[in-house]
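Let me begin by presenting the structure, written as structure tokens, before commenting on it.
The values are calculated or read from the model by the stated rules, or taken from the named source; none is laboratory data. The shown structure was predicted, so the numbers you read here are calculated from the model rather than taken from an experiment. As a convention, Cβ positions derive from the backbone with ideal geometry for all residues, glycine included, and neighbour counts pool all protein chains shown. The protein model used for the area step is the full one, side chains on, heavy atoms only, and it has no ligands, DNA or RNA in it. Shrake-Rupley method; radii C 1.70, N 1.55, O 1.52, S 1.80 Å.
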Amino acid sequence: MRGKEQPRTSPLVPGAVLETIARYDWESVVCGCGRSAGHLEGTLWDAAEGHPAAYHALEGHVFARSRLCPPAPAACAVLMAIWSAGPPRLATREALLWTLLAVLNSEDDGTPYEAGLYGQSAAHVRAGLPLLRGGLAGRPGSVSAAYAEGIVDLIALCA
């Protein structure tokens, strides 16, 4: 059992992803499921380790029924850190891109958070767009490329 003095580590999770996960106070954010978002740290770790199901498990927590939830911007920061560390293997890559597309297809929460949940989430994706495009340049016609094209199109709409 890990204590507070022993943070989770994994040889599969790059340092930049570790730093991004650690940057956020997950416990202080209300999750889409109504609990503290602290339980999302484990899911994001699983995603960073390359488990495709972890990305799909974010539904209902980061976005629910096409609406964004308060953990969305922080989760997008982690997802883009994972992508920036190097495009993951195929199944993981498709799950990650599907999740980003689902977030960008969601509605904002309508609250006056700084730039709104959507604007904050889109900003993280927009910052990583060159890496996203570059990582898929050699895969035209693939599912990953179709997801990436949808992401690029949605980012262009909100610019």
**Request:** Report the full-extension gain for the segment LEU12 to ARG133: residue separation times 0.36 nm, less the Cα-Cα distance, to one decimal in nm.
**Result:** 41.2 nm
**Complete:** Shape call for the chain, from the Cα gyration tensor axes a ≥ b ≥ c (a/c under 1.5 means rounded, otherwise prolate when a/b beats b/c, else oblate), comes out oblate
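What does the charge dipole of the chain about its Cα centre add up to, to the nearest 20 debye, if the Cβ of each Lys and Arg holds +1 and the Cβ of each Asp and Glu holds -1?
Details: 12 positive and 15 negative charges, 65 e Å.
Roughly 320 debye, rounded to the nearest 20.
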**Complete:** For the range 1-81, whose charge dipole is built from +1 on Lys and Arg Cβ atoms and -1 on Asp and Glu Cβ atoms, the candidate among SER36, ALA77, LEU12 with its Cα farthest towards the positive end is SER36
**Item:** 5 angstrom amide H check on SER36, placed H, neighbours 5+ away
**Value:** CYS31
**trypsin sites (Lys or Arg not before Pro) restricted to DSSP loop in the range 1-78 with at most 13 other C-beta within 10 Å** = ARG2, LYS4, ARG8, ARG35, ARG65
**Request:** Write down the accessible area per residue of the chain in Å², having rolled a 1.4 Å probe over the full set of protein chains.
**Result:** 50
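Roughly how many percent of the accessible protein surface of the range 21-159 is carbon and sulfur, given a 1.4 Å probe and a whole-percent answer?
Working: 3500 of 6290 Å².
Carbon and sulfur: 56 percent of the exposed surface of the range 21-159.
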**Prompt:** What does the helix-only formula give at 222 nm for the chain: each DSSP H stretch with n ≥ 4 adding -39500 (n - 2.57), the total divided by the residues, and the result rounded to the nearest 500 deg cm²/dmol?
**Reply:** -16000 deg cm²/dmol
**Asked** How far is it, in nm, from the label point at HIS39 to the one at ALA53 when both lie 7 Å from their Cα along the line to the Cβ?
**Response** 1.6
